[in-house]
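None of the figures in this text is laboratory data; all of them are computed from the coordinates on show. These numbers come from a predicted model, not from an experiment. Glycine gets a Cβ as well: all are built from the backbone with ideal geometry, and neighbour counts include every protein chain shown.
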Amino acid sequence: MTEADVRLAPDEPVYYYQDDRDAKCPYAPPPGLRALNDEAPISRGRIWDGSTPWLVTGHAAQRAILSDPRVSSDDKQAGFPYPNQAMAENAPHHPLTIFNADGADHTRIRRMMTRPFTRPRMEALRPEIQRFTDELIDKMLAGPKPVNLTTALSLPLPSLMICALLGVPYEDHEFFQKHARVATTSEKTAEDDRAAGEALGGYLANLLQVKMETPADDVLSDFAARIKAGDLTLPEATLLSMILLIAGHETSATMITLGTGLLLDNPEQLRLLRETDDPKIVANAVDEILRYLTVATFGQRRIAREDFAFEGADIKAGDGIIVPLPAGNWDPVAFPDPERLDLTRKATHHHAFGWGIHQCLGQQLARIELQVVYGTLYRRIPTLRLAVDRDELKFRPADALAFGVSELPVTW
Amino acid sequence: MKVVVDEDKCVAAGQCVSAAMDVFDQRDEDGIVVLLNENPPPELADDVRNAAAVCPALAIRIEE
Ligand code: SF4
């Protein structure tokens, strides 16, 4: 039992964080999580290890806490609210990365990784993303139906793009998709987690050594040049590469699959995408779908450095803090009628990519991938529909690091 | 309207460029924000205010 638990009144009801979504409404955040925010922007929740970190559910409160220098991302401090046991066990071995560094350390590491992901560079890649998307749809149309959208389009597109950016041969995609998946599930042992990390790490370290000899125009060659210049060690570069490779896979794929499920459930909204070729309308729609689904269900996690009062709560040094992003994205103050999917809504202030200095590095790549897919798929296949009843879809449990379904059988 | 950016805070999220491409750019080497016009014309004022609002690092300040 942690000190934080002692301060709870014995009969005080505590929300069990990451209860499942409502089966009738699987695209919405868990109703219990939303209800918390009707009471207060901050409350306590119980997590898998029995501890009771703070849950910051309000949109404005999320921004405030994620910009507050009194909270830290350092996952080695006792009381840090880990997403699952495997991650808790491995945390003491975690090196400093963009995820767990604060302040100047974070800036130093982040700046080494940002170059390939700027908005102008991503914009320049749009034609290539369009070409990959069209080719995958051609292949889908030429093959048998029904087809699983995840394997036909959702996973191959981000996978092709991140491989091209990093300079990783796409032929090896089955190998790293398998290991990347371990990183985003909760049903794993600390050993599985380490083994997957070692397999991927070994592979990438090898590739970095190749790029030191024969550089190309890609991110791994960039890192290789920094190793040669003495700015990075091989293990550090391996880790940065691994983060980019893993992060580039599951989340965009999940957004393509779930976004399609959601749109097929909202035919009048889908019509808007099918009938427009205005890139601004498509871009706006993408941000609304990001808001609505918020696939990073685990939320951003922090620990308090000192005692401070926040929104009526007394936060103590060492208290864990979870910022459940889906709750902020369904806060009616920031998004009136949050349960209404409205592709014309101004939603760019959503937290689907997090908030603060740790906000997703790959967000501009994700946005453009989604703009191209949502802007192309339903126009090219106007009769696209689910090939099974929606009740048959198997959604991942709420404690998975990214929400999703592994199969979305579609036909046309 | 006068725009001030804090390069030290910027984490290269690119949100400002998405919101107001005529006023913000990103440095090619590391993605740090580049201010193209520190006195944007009134017709861009809404976009610029939005850029400041969506910057996750609070690196953009506007003096009206
Ligand atoms: S939105 Fe903010 S953090 Fe992102 S590039 Fe612009 S100034 Fe930098």
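Once the Cβ-Cβ distance between A:Phe308 and B:Glu64 is put in as r, and R0 is 45 Å, what FRET efficiency do you end up with, to the nearest 0.05? Between A:Phe308 and B:Glu64 the formula returns 0.90. Under 1.5 on a/c is rounded, so check that first for the protein assembly as shown, then, if it is not, pick prolate when a/b is larger than b/c and oblate when it is not; a ≥ b ≥ c are the square roots of the alpha carbon gyration tensor eigenvalues. It is rounded, given that a/c, with a ≥ b ≥ c, falls under 1.5.
Taking every residue in A:356-368, how many Cβ atoms of other protein chains lie within 10 Å of its Cβ, on average?
For peptide A:356-368, the averaged partner shielding equals 4.
By the scheme Lys and Arg +1, Asp and Glu -1, what is the net charge of all other residues having a beta-carbon under 10 Å from that of A:Tyr378? Once all neighbours under 10 Å are counted, the net charge is +3. Seen against the Cα atoms of chain B and their longest principal axis, helix B:45-54 is set at about 30 degrees. Taking other C-beta atoms within 10 angstrom as a stand-in for reagent exposure, A:His94, A:His249, A:His351 fall in the order A:His94, A:His249, A:His351, fewest first. Applying 1/(1 + (r/R0)^6) with R0 = 25 Å to the Cβ-Cβ distance of A:Ala104 and A:Val14 gives a FRET efficiency near 0.10. Spacing of the modelled spin labels on A:Ala91 and B:Asp22, each 7 Å from Cα toward Cβ, amounts to 4.9 nm.
Put the Cα centre of the stretch A:253-281 next to the Cα centre of the stretch A:64-86 and the gap is 35 Å. The simple Förster model, with R0 at 56 Å and r as the Cβ-Cβ distance, assigns A:Glu198 and B:Glu43 a FRET efficiency of 0.50.
Positive end of the dipole of the protein assembly as shown (Cβ unit charges, origin at the Cα centre): among B:Val33, A:Leu361, A:Gln177, the Cα lying farthest that way belongs to A:Gln177. Inter-label distance, A:Lys178 to A:Ala190: 2.5 nm, where each label sits 7 Å from its Cα along the C-beta direction.
Taking the Cα centre of the stretch A:203-296 as reference, the dipole from Cβ charges on Lys and Arg (+1) and Asp and Glu (-1) amounts to some 180 debye. Springs between Cα atoms under 10 Å define the GNM used for chain A, and in it the highest mean-square fluctuation of A:Pro92, A:Pro338, A:Pro83 occurs at A:Pro92. Under a model in which nothing but the beta-carbon of Lys, Arg (+1) and Asp, Glu (-1) is charged, the stretch A:46-194 shows a dipole of about 520 debye around its Cα centre. The distance between label points at A:Arg385 and A:Ala205 comes to 5.4 nm (points 7 Å beyond Cα on the Cα→Cβ vector). Along the axis of the charge dipole computed for the stretch A:148-216 (Cβ charges of +1 for Lys and Arg, -1 for Asp and Glu, origin at the Cα centre), the listed residues A:Pro158, A:Thr214, A:Ala190 are led at the positive end by A:Pro158.
Across peptide A:114-127, the mean count of Cβ atoms from other chains lying within 10 Å of each residue's own Cβ comes to 5. Remark: the protein assembly as shown carries a charge dipole of roughly 600 debye about the Cα centre, counting +1 on each Lys and Arg Cβ and -1 on each Asp and Glu Cβ. The residues packed around A:Leu153, meaning those with a beta-carbon under 12 Å from its beta-carbon, carry a net charge of -2 if Lys and Arg are +1 and Asp and Glu are -1.
Once you have a ≥ b ≥ c as the square roots of the Cα gyration tensor eigenvalues for the stretch A:63-212, tell me rounded if a/c is under 1.5, and otherwise prolate or oblate according to whether a/b is larger than b/c. Taking the square roots of the gyration eigenvalues as a ≥ b ≥ c, the stretch A:63-212 is prolate. Helical runs assigned H by DSSP (4 residues or longer) give the protein assembly as shown a calculated mean residue ellipticity at 222 nm of -13500 deg cm²/dmol, each run adding -39500 (n - 2.57) before division by the residue total. Cα centroid separation, the stretch A:127-161 to chain B: 35 Å. Among the residues of B:30-38, the average count of other protein chain beta-carbon atoms within 10 Å of the residue beta-carbon is 3.
Entry note, the stretch A:266-412: relative contact order of 29 percent, from Cα contacts under 8 Å with a spacing of 6+ residues.
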